[in-house]
1. When you scan region 194-206, do you find a residue that is among the polar types (S, T, N, Q), open to solvent by 20 Å² or more (accessible area, probe 1.4 Å) and either within 25 Å of residue 257 (Cβ to Cβ) or in contact (Cβ under 8 Å) with a residue 60 or more places away in the chain (or both), even just one?
2. Taking into account only those residues within region 339-363 that are farther than 18 Å from residue 169 by Cβ and in contact (Cβ under 8 Å) with a residue 12 or more places away in the chain, which is most open to solvent (accessible area, probe 1.4 Å)?
3. Go through 143, 154 for me and flag whichever is farther than 30 Å from residue 214 by Cα and of a type in the set (A, V, I, L, M).
4. Just the residues that are closer than 30 Å to residue 218 by Cβ, surrounded by fewer than 23 Cβ atoms within 10 Å (Cβ to Cβ) and over 14 Å from the mean Cα position of the chain (by Cα), please, taken from region 281-331.
5. For region 51-70, what are the residues that are modelled with pLDDT of 95 or more and open to solvent by 30 Å² or more (accessible area, probe 1.4 Å)?
6. Please determine whether any residue of region 100-107 is of a type outside the set (A, V, I, L, M), in contact with a strand residue (DSSP E or B) (Cβ under 8 Å, 6 or more places away or on another chain) and either modelled with pLDDT under 95 or on the phi < 0 side of the Ramachandran plot (or both).
7. Return the residue satisfying two criteria in turn: it lies in region 258-280 and is without any contact (Cβ under 8 Å) to a residue 24 or more places away in the chain and farther than 20 Å from residue 245 by Cα, and of such residues it is nearest to the chain's Cα centre (by Cα).
8. Would you say residue 256 is over 29 Å from residue 365 (Cα atoms), out of contact with any Asp or Glu (no Cβ under 6 Å at 6 or more places or on another chain), among the aliphatic types (A, V, I, L, M) and surrounded by fewer than 20 Cβ atoms within 10 Å (Cβ to Cβ)?
Amino acid sequence: MTDKMDTTTRLERLRERYMNGDLDRRGFLGLIGAAGLAYGVHTPFARNALAANVSQVRFDGWGGVVSEAFRKHAFDPYTKQTGIEVVDGTFGGGDEYLSRVKASQTGEYNIAHLSGVFDYARYHNLGLSSELNEANIPNLKYVIPKLVDVFRAVTDGKLSCVPYDYGTTGIAYNRKHISDDEMKEKGAKILIDERLKDKISGWGDWRTRIWFGALQTDQDPNNATDMDAVWDAIRAHRDLALKYWGSGAELMSLLAEEEIYVTEGWSGRIYALQEQGHDIGYMDPPNGYGWQECLFVIKGSPMEPCEELLNFMLAPETSIAVAEGQNYPPALDPQQVDLGDKIPTLPAFDPTGKLAGLTFADPQYWNSNEADWSKTFGRVQKGY
């Protein structure tokens, strides 16, 4: 029997042990990496990357439990398998990170965990997109087709990213002070309820503020016809709010410490609070904010090691482990992949893989208004 066959047999046995429950996911991934290194198993593009002296890839994401999940379940096992280090940075918002990328040298930033097709379109329109060799990412076949197609439409059928997860920005509330019945009655308007003055918060992101301002004025967030009313709702929220939060960690802290009773929040972060035992409710109002996130490769990056990292992260074992760690459903198609027990319980999860129940931001609508609306929100945020 050849060494290659021996290695294959070992890897198959590891997989059997994992599927039988004899290994936890972390141990499984670590042993796969160790087996691959011990027996010289590398994909062709891993060998090319090492030959080209690529020693590291930079990845920037949202921090907190999300970055912890990526580090534990993806980056460390990937480094064991390839020898390529993943240097991870964090950011609090998409605009902040884009400013950093625009001011950087080519190749300084490599992969970003971007939110929404509108961010993808922004990067492409600024000449920051790359072109992935999909032959190097065979695990792309497991991804929900709808999530892939919306990105292809922006870049003429090509891809500069792979979809990775999805979720919602809904309304989180402290059940000690706000009942489920009150939430059902008031929906997004709970965020401008004077009874809760100084116990309200929200993300200081112009898109999110406008989206919820549209809901509070009974308008379509993707086609608001009365922006004056939207801005008035945003001002009302601003005046009632204790503060805007700027990161997922701050969102969780404000709710956990009961500094606030209600805010819009990211579904996975709220699920994490619930797992910790906090009596926090979560509601997606009609036309609530659905989003999908992608792993975007920035122009000038070392493509083959980036493609290998993307493929590694889309492997069902890795993707499911990350999803369970960060509490957002993976982009994997549940009609193709068994996602286990936890993921079907996460907010926003769609067992059909069609995502028909989520409302996503129309990239053309939002990007065409970005310059005007982001500037106006900056003024409103300062009290005008």
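1. no
2. The selected residue is 354.
3. None of the others qualify; the one that does is 143.
4. 281, 282, 283, 284, 285, 286, 287
5. Within region 51-70, 58 is the sole residue that qualifies.
6. No, because not a single residue in region 100-107 is of a type outside the set (A, V, I, L, M), in contact with a strand residue (DSSP E or B) (Cβ under 8 Å, 6 or more places away or on another chain) and either modelled with pLDDT under 95 or on the phi < 0 side of the Ramachandran plot (or both).
7. The extreme case among them is 276.
8. Yes, satisfied.
The values are calculated or read from the model by the stated rules, or taken from the named source; none is laboratory data. Please read these numbers as outputs of a predicted model, since none were measured by experiment. Every residue, glycine among them, receives a Cβ derived from its backbone with ideal geometry; neighbour counts consider all protein chains shown. Remember, those area values only see protein heavy atoms, side chains included, never the ligands or the DNA or RNA. Shrake-Rupley method; radii C 1.70, N 1.55, O 1.52, S 1.80 Å.
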